[in-house]
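What follows is one structure encoded as structure tokens, with my remarks underneath.
The values are calculated or read from the model by the stated rules, or taken from the named source; none is laboratory data. Because the structure is predicted, anything quoted here is derived from the model rather than measured. Cβ placement follows ideal geometry from the backbone for every residue including glycine, while neighbour counts extend to all protein chains displayed.
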Amino acid sequence: MSKSSNPNAARLFLGSCLALIATSVAFAVIGDIMGTLKTQFVLTNAQVGMIGGAALWGFTVSMIALGPLCDALGMKRLLGFAFVCHLVGPLIMIFANGFGMLFAGALILALGNGTVEAACNPLVATLYPNNKTVKLNQFHVWFPGGIVIGGLLCFALSQLGNHSWQLRLVLVMIPALIYGILFIGQSFPATERVQSGISFGGMCKATFLRPFFWVMFLCMGITASLELGPNRWIPAILQAGGMHGILVLVYITGLMAVLRQFAGSIVHRLSPPGLLCISAILGGLGLYWLSFAESIGMAIAAATVFALGVCFFWPTMLGVVAERIPKGGALALALMGGMGMLASGMIASPMIGSAADTYLKEKLPQAETTAVLEQIAATFPQLQAEAEGNLGEDLQPGIDSANAALAKIQADPNGALPHPDTANALRAAISSGVDDPVVAQATDILNPADNYGGRMSFRLIAPFAIILVVVFGAMYLGDKRKGGYKAEEI
């Protein structure tokens, strides 16, 4: 009897989907409450960045550390650990008294998120050994789907006047409780690798000594970077251009969730390498087009092409590795997922930010910007003297950074604006929260520059899709010469 006909397969698959929803709702909620946490706990930007960054590197740590141990510990124990993390992490944050507890809670939550990916990918591949790519696509519907659910629920709470960040964290715990109930009393199968008698050493050999794995491993870094890197920046970049960036991101993730429902028929027509090749073409073109978007209409059109391209990347990459290197088991899948999160979080996202900073200076008007910096340096000390409570402390970064930028401008023979000091000075003034005309002027100068710099960063990374087109195109043609795509048997 095939694994897919196991009477528990449907329940285990449903529980896996709910676990992924808890993971993606956590991504949406943590992103939504960062500003509130900064204000309520009087956090620095660096501290806020550390809390938000835990969502990526904590995910990667648990995936790479626990994925290879999936067979030894068992998928049931791993998912039990993920369940505890999905409850304990939010609770620690809800009852936090400062940065330490907030960071610890976010990290524990991220460890649970990575563990879900480490356990559920091999679980789905084991439950459906003859349909891995399709079922992994259907499982991964719920990462973008969960982000849409979490984002819309947070938006709805705001519209209803409820701004409780604690209640938003409770949203993570709801799907966690449901998947915990679904998994209670269920027997989990051993992974396909264990059932076939492949040793741990054999799994390592099948993974590390296959050139095909390393090709897919490197391509995973590029595919994830083209998808997750831009997605983390789209809201901020479009918002700087006067567009509703968060709604565009919700549209992208929602469209991705819908498209993955049709993965079965698409894979059947194109084959996995063919789908990846076309995805690379559309993803690269969509991202390049998005770099020209100066209106919400153009942004939506470009985002549609972008979503059509990137939506199948992650699950299809996992599916191809599971089908072409089945002896690699949980190790190969964990390394693939870890590479995707690591590359997007530690390479692509910072690279986009760095490129945006480089390009935005082209759109800062020299004379007008210098005049605004001079006004900040002159006005903020007066406001600071009149300020009450913590407002005086909030004004100091604006004063310091404006003076530092002005000193460099005066030292330059041409009065050139220093990079990145000028943008940082404008940001410091804007983030002070002061209701003063000079802050509005700083915003009017910086936002168009930020939007331009961000769009140009998209244009810079879009050509990486060409590498994918070449690799996946070669795979497709190679399979065609051999009679078509075929999954390997253990």
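A few remarks follow.
- Just one residue in the set Ile94, Ile30, Ile51 is modelled with pLDDT of 95 or more, aliphatic (A, V, I, L, M) and farther than 24 Å from Lys327 by Cα; that residue is Ile94.
- Residue check, Phe143 assigned by TED's automatic domain parsing to the domain that holds Val88, among the aromatic types (Phe, Trp, Tyr) and more than 16 Å from Leu12 (Cβ to Cβ): yes
- Count of the range 395-430 residues which are in contact with a Gly (Cβ under 8 Å, 6 or more places away or on another chain) and farther than 19 Å from Thr358 by Cβ: 2
- The condition (being crowded, with 23+ Cβ neighbours inside 10 Å, over 20 Å from the mean Cα position of the chain (by Cα) and touching a residue at least 40 places away in the same chain (Cβ under 8 Å)) is satisfied by just one residue among Ala332, Ala356, Ala307: Ala332.
- Ile149 vs. criteria under 22 Å from Ala55 (Cα atoms), surrounded by fewer than 22 Cβ atoms within 10 Å (Cβ to Cβ) and of a type outside the set (Phe, Trp, Tyr): yes
- Among the residues of the range 418-439, those identified as hydroxyl-bearing (Ser, Thr, Tyr) and modelled with pLDDT under 90 are Ser431, Ser432.
Residues are listed down the side, and each one gets a yes or a no for (1) buried (at least 16 other Cβ atoms within 10 Å of the Cβ); (2) free of Cβ contacts under 8 Å to residues at least 60 places away in the same chain; (3) not assigned by TED's automatic domain parsing to the domain that holds Gly31; (4) not basic (Lys, Arg):
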site: Arg168; (1), (2), (3), (4): yes, no, no, no
site: Ala176; (1), (2), (3), (4): yes, no, no, yes
site: Pro189; (1), (2), (3), (4): yes, no, no, yes
site: Phe208; (1), (2), (3), (4): no, yes, yes, yes
site: Trp214; (1), (2), (3), (4): no, yes, yes, yes
site: Cys219; (1), (2), (3), (4): yes, no, yes, yes
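- Looking across the range 409-425, the residues that are in a helix (DSSP H, G or I) and surrounded by 15 or more Cβ atoms within 10 Å (Cβ to Cβ) come down to Ile409, Asp421, Thr422, Ala423, Asn424, Ala425.
- Test for Ser187: is it in a helix (DSSP H, G or I), on the phi < 0 side of the Ramachandran plot, hydroxyl-bearing (Ser, Thr, Tyr) and out of contact with any helix residue (DSSP H, G or I) (no Cβ under 7 Å at 6 or more places or on another chain): no
- Test: residue in the range 173-182 that is of a type outside the set (Ser, Thr, Tyr) and modelled with pLDDT under 95: no
- Verdict on Leu73 being over 23 Å from the mean Cα position of the chain (by Cα) and more than 22 Å from Leu228 (Cα to Cα): yes
- Residue selected from the range 434-465 under the condition buried (at least 18 other Cβ atoms within 10 Å of the Cβ) and among the β-branched types (Val, Ile, Thr), by the criterion farthest from Phe380 (Cα to Cα): Ile461
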